[in-house]
Structures are given as structure tokens and as C-alpha cells.
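In what follows, a single structure is set out as C-alpha cells and then discussed.
Readers should treat all values here as calculations from the given coordinates under stated rules, not as data from a laboratory. Quick caveat: nothing in here was measured; it's all calculated off a predicted structure.
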Amino acid sequence: MAPSKGTDRQTFRLPANEWAEFGKAASAMGTDRSTYLREFVRWTLRRPGAKMPKRPPIEGTRSIVVARSNGHTVDTDGRSPTDPGSAGADRVA
């Protein structure tokens, strides 16, 4: 359920490349960033009937950058995708 015009606008900081990538991911799921964020907030607050938004398939969101830094492959966030403590560790084939 989309809020009516006049809903309070919220602002937060996020790198421009992540905002753009998030927009593409939301679009691929048939929604937009605002709707997706509102669904997530409602789910987090345990609002009646709220469901956790689905995540997009990995193929459509984030690709591992084939870049080398001191001989190591580096993910788009600068972390090594093969490092067990890295956010990218689960994406290595």
C-alpha cells in the first residue's frame, strides 16, 4: 500500500553507486526503492500483515569486479570475496 502524497520525506546517506544499484534491483523485482524501503521498515517494526521483502537474485544485483589489488581479487565494496569474514565470501563459485 503506497502512502498518499504528503507523506513525510526522510533523508539518509548512501553512496550514489549503491543507490543506483538498489534502484536497478528494485526495478528487477517489479517495485521501486521507496516501496521496497517502506516494506522493510514495516516488517522491521512488526506491523500487522507486513512481510519481509524478497531479495533479488544475485545475478541481477551485484557482480564481483575482476580487479586485482596486490594480487587479490577485490569485490565492488573493496573487500576480498574469498575472505571468510567478508560480505562477498558467499558469492564465490
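Here are a few things to note about the model shown:
- Here the Karplus curve 6.51 cos²θ - 1.76 cosθ + 1.60, taken at θ = phi - 60°, turns the phi angles of the range 8-22 into couplings of 4, 8, 10, 10, 8, 9, 7, x, 4, 5, 6, 5, 5, 5, 5 Hz, with x standing for Gly and Pro.
- Taking 0.36 nm per residue of sequence separation and removing the Cα-Cα distance, the residue 40/residue 52 pair yields an extension gain of 3.7 nm.
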